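Everything on this sheet refers to the single structure shown next.
FYI, it's all coordinate maths here, none of it is from the lab. Note that the structure is predicted; figures quoted are calculated from it, not measured. Quick reminder, even Gly has a Cβ in these numbers, built from the backbone with ideal geometry, and neighbours come from all protein chains shown.
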Amino acid sequence: MSSRRSRSRQSGASRITDDQIIDLVSKLQQLIPELRGRRPDKVSASKVLQETCNYIRSLHREVDGLSDRLSQLLASTDTDSDQAAIIRSLLM
Amino acid sequence: MDSQHLNPSSLKSRFTARFLRALIKINAQKPISSSSPREIFQRYRRIKVAADKSMAYSVRSRRTWSRATLWKLRSQSRRRLASSGRRSSIKTRTTTTTTITTTSTNHRAAIVEKTSHEKENKEDHVGLAVQAEELRELVPGGESMDLCNLLDETAHYIKCLTTQVQVMKKIANLYSLE
C-alpha cells in the first residue's frame with residue numbers, strides 16, 4: 001500500500017515501486033560474497049549498495065592486476081600457437 | 001563448474017575464445033626488446049582493453065552497460081588514432097575504461113545517518129537514489145539509468161565481471177606453469 005505513494009516521488013515517468021526495489025536489492029545482495037549468507041531483511045538496502053560499490057571496485061582491481069600479470073607472463077614466455085592451442089583445449 | 005565449459009555458447013566460453021584470440025594477437029606483436037617497462041605497460045593496457053572488450057562483445061548489445069563499454073572503447077581508439085597522426089608527446093597513461101572515481105564521501109556520511117532508521121522503507125527508498133550515484137559511476141552507462149535499471153544492470157555487470165576474473169585467473173595460472 002505504501003508502494004503507491006512512492007510513485008509521486010519519482011521524477012521520471014517510470015512507476016518504480018518499493019517492492020521492485022526491494023526485490024532488485026535482495027537479488028544484488030545474493031551476488032556479493034560479503035552479504036550472501038545474511039537474511040535480506042537484516043541487511044539495509046543502503047548497505048547492499050555500499051558493498052556493491054566496494055565489490056565492483058575490487059573486481060576492477062583484480063582485472064587490472066590480472067592484466068598486469070598476463071602482460072609480464074607474455075613478456076617472459078615465448079608462447080607460440082602450440083601453447084595457445086593447448087590452453088584453448090583445456091579451457092573448452 | 002566444468003559443465004559450463006562444455007556449452008560452447010555460454011558467456012564464459014564466448015568470452016574465453018575471444019579473449020584468447022586477442023591475447024594471441026597481442027603476443028604476436030611482440031617486438032624484439034619485449035621486456036622494457038614501456039612495452040610491458042603498453043601490453044598491460046592492450047590486455048586490459050582486450051579483456052573488457054571481449055566481455056562486452058560476448059554480451060553483445062543486449063545490455064546497456066555492454067553497449068556503453070563498447071561505445072567508450074570505440075571512441076577511445078578513434079581518439080588515439082586521430083592523435084597519433086599528430087605525433088604529439090602524449091604519454092599513454094590514458095584513463096582506462098574503468099576509471100575509479102573518487103567517492104562522494106559527503107553523501108555517504110549523510111546517508112549513513114539517515115538509514116539508521118532501517119525500518120522506514122520509504123526513507124530507505126529516497127536515500128537509495130543518492131547512494132546510487134556512487135554506483136552510477138562504477139557501472140558503464142549508469143548515469144542515464146533509472147534506479148530499477150541501474151540495479152538490474154549492476155547485477156548482470158557483476159556476474160560478467162566475476163566470469164571475466166575467473167577466466168583471466170585460469171589463463172594466468174596456465175601460463176605461469178611454464
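Can you list the HN-Hα couplings for region B:153-164, worked out from phi with the Karplus curve (6.51, -1.76, 1.60; θ = phi - 60°), rounded to whole Hz and with x for Gly and Pro? Running phi through 6.51 cos²θ - 1.76 cosθ + 1.60 with θ = phi - 60° gives 4, 4, 4, 5, 4, 5, 4, 5, 4, 5, 4, 4 Hz. For the peptides B:133-140, A:27-34, the ranking by mean Cβ contacts within 10 Å, running from highest to lowest, is B:133-140, A:27-34. In plain terms, the chain from A:Gln30 to A:Arg61 could stretch by 9.0 nm, reckoned as 0.36 nm per residue minus the Cα-Cα distance.
Mean partner shielding of peptide B:141-149, defined as the number of other chain Cβ atoms within 10 Å of each residue Cβ, is 3.
Could you tell me the calculated FRET efficiency between B:Thr162 and B:Leu81, based on Cβ-Cβ distance and R0 = 30 angstrom, to the nearest 0.05? After rounding to 0.05, the efficiency reads 0.40. Taking the average, over residues, of other Cβ atoms within 10 Å as the packing measure, peptides A:43-54, B:11-22 rank A:43-54, B:11-22 from highest down.
For peptide B:36-48, what's the mean number of Cβ atoms from other chains within 10 Å of each residue's Cβ?
Per residue, the average neighbour count from other chains is 4.
For the residues of A:41-47, the average number of beta carbons from a partner chain within 10 Å of their own beta carbon is 6.
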